[in-house]
Amino acid sequence: MKAGVIVFPGSNCDIDAFKVLNNLGVDVKYIWHDDKIDNVDLILLPGGFSYGDYLRCGAIARFAKALENINEEIEKGKLVLGICNGFQILTELKALKGALLRNKNLNFICSDCNLIVENTNTPFTNQFTKGEIVNFPIAHGEGNYYIDDEGLKELIANNQIVFRYKNNPNGSVNDIAGITNKRGNVLGMMPHPERAADILLGCEDGLKLFKSILSYFKEA
Amino acid sequence: MIKAYIDVTLKKSILDPQGTAVKKGLEKLGLYSEDVRIGKHIEVVLNENNVDAAREKIDEMCRKLLVNQEVEIYTVRFEVI
């Protein structure tokens with residue numbers, strides 16, 4: 001399995017994500033935003049502040065050369081994981097529904113965060129147990145997930161809500177912390193599994209997410 | 001040339017915590033209001049003399065980039081310069 005971590009001007013979790021994948025033995029490379037993506041099985045959009053979050057978070061990143069054909073790739077079934085800013089970019093690309101707004105309390109929140117794993121039937125979560133509580137850090141000012149009532153019904157009906165906050169930190173609709181697209185090959189989430197992937201850093205719950213991806217490709 | 005003044009705000013149905021915080025700030029000063037909403041102001045200059053044509057271009061810009069219509073609405077005012 002080959003993975004590419006897209007690096008935008010302003011990305012700051014690219015190295016964390018790269019190291020986790022690399023430590024798991026994945027053939028991973030950085031892809032500069034101005035280069036084309038070629039021949040990877042997993043595209044990872046890392047956290048950070050791409051293009052300074054100008055206009056709206058993720059609004060400018062969607063024009064990056066690396067993302068030119070991303071919606072076509074998604075349609076073909078390519079796995080895409082967007083963490084934090086990566087989630088914001090995926091909503092701006094319309095690859096995922098909804099939008100990320102300013103946190104309800106207007107604060108930038110940087111803390112540990114308990115999440116409930118709601119759907120384990122995805123390429124990203126097959127190593128978790130349904131209902132399991134995991135601890136991934138969050139670090140965002142705009143993580144307040146919004147979707148209208150009709151959209152929410154659809155997310156629920158299609159089992160697209162993958163992670164919910166145990167104690168909603170930011171005002172997200174329905175405690176949503178992470179969702180997939182309808183097909184399930186795109187996951188966007190505000191919490192950072194790549195920052196909870198080494199016991200030396202306090203927690204390795206996030207490792208399961210990356211091991212799930214490996215397991216998905218082994219079985220495929 | 002035509003200058004477009006674009007105001008972007010969150011939809012009415014969406015909570016605007018910044019507006020709420022500012023409303024409370026105003027109240028500390030004894031200045032009471034029914035509602036405060038905070039948004040973005042964008043000015044775009046077009047090499048164009050016809051307001052209808054300008055409106056069409058600005059609408060396209062708003063739809064494709066300037067406004068996230070999932071959560072935002074916009075109003076535009078034009079000035080011939």
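List of remarks:
- Here the 3J(HN,Hα) profile of the stretch A:188-203, calculated from phi with Karplus coefficients 6.51, -1.76 and 1.60 at θ = phi - 60°, is x, 8, 7, x, 10, x, 6, 9, 10, 10, 8, 4, 4, 8, x, 6 Hz, Gly and Pro shown as x.
- Cα-based shape type of the stretch A:1-121, given that a ≥ b ≥ c are square roots of the gyration tensor eigenvalues and the cut on a/c is 1.5: rounded
- By average C-beta atoms within 10 angstrom, highest first, the peptides A:110-118, A:89-97, A:22-30: A:89-97, A:110-118, A:22-30
- 3J(HN,Hα) from dihedral phi, the stretch A:154-163, Karplus parametrisation 6.51/-1.76/1.60, rounded to Hz, x for glycine, proline: 5, 4, 5, 4, 8, 6, 8, 7, 9, 10
- Legend: mean number of C-beta atoms from other chains within 10 angstrom of residue C-beta atoms, peptide B:65-72, equals 6.
- Compared with the alpha-carbon gap, the fully stretched path from residue A:30 to residue A:129 is longer by 32.5 nm at 0.36 nm per residue.
- Taking a ≥ b ≥ c as the square roots of the eigenvalues of the Cα gyration tensor, the stretch A:56-138 is oblate, since a/c reaches 1.5 or more and a/b is not larger than b/c.
- Applied to the stretch A:103-108, the Karplus parametrisation 6.51 cos²θ - 1.76 cosθ + 1.60 on θ = phi - 60° returns per-residue 3J(HN,Hα) values of 3, 4, 8, 6, 8, 6 Hz, with x for Gly and Pro.
- Anisotropy class of the stretch A:54-196 from Cα gyration tensor, a/c 1.5 cut: rounded
- Taking amide H atoms as placed 1.01 Å from N in the peptide plane, the amide H of residue A:198 lies under 5 Å from those of A:203, each 5 or more residues away in sequence or on another chain.
- Distance from the stretch A:2-49 to the stretch A:176-201 (C-alpha centre basis), Å: 14 Å
- Inter-label distance, residue B:63 to residue A:109: 3.6 nm, where each label sits 7 Å from its Cα along the C-beta direction.
- A straight line joining the Cα centroids of the stretch B:37-62 and the stretch A:83-127 runs 32 Å.
- A simple charge model with +1 on the Cβ of Lys and Arg, -1 on the Cβ of Asp and Glu and nothing else charged puts the dipole of the stretch B:2-80 at about 280 debye relative to its Cα centre.
- Sparse-neighbour loop sites [chymotrypsin sites (Phe, Trp or Tyr not before Pro); the stretch A:46-145; at most 16 other C-beta within 10 Å; DSSP]: A:54, A:108
- Lysines whose Cα lies under 23 Å from that of residue B:57, excluding same-chain neighbours fewer than 8 positions away: A:94, B:3, B:11, B:40
- Point-to-point label distance, residue B:34-residue A:158, nm (Cα→Cβ direction, 7 Å offset): 3.9 nm
- Here's the list of aspartates and glutamates a cross-link from residue A:104 could span, going by alpha-carbon distance under 13 Å and ignoring same-chain residues fewer than 8 apart: A:142, A:175, B:16.
- Axis angle, to the nearest 10 degrees, between helix B:17-28 and the longest C-alpha principal axis of chain B: 50 degrees.
- Chain B: angle of helix B:51-61 to the longest principal axis, Cα-based, in degrees nearest 10: 60 degrees
Every number in this text was worked out from the coordinates using simple rules, so none of it is lab data. Computed from a predicted structure; not experimentally measured. A quick note on method: Cβ atoms are made from the backbone with ideal geometry, for glycine too, and the neighbour counts reach across all protein chains shown.
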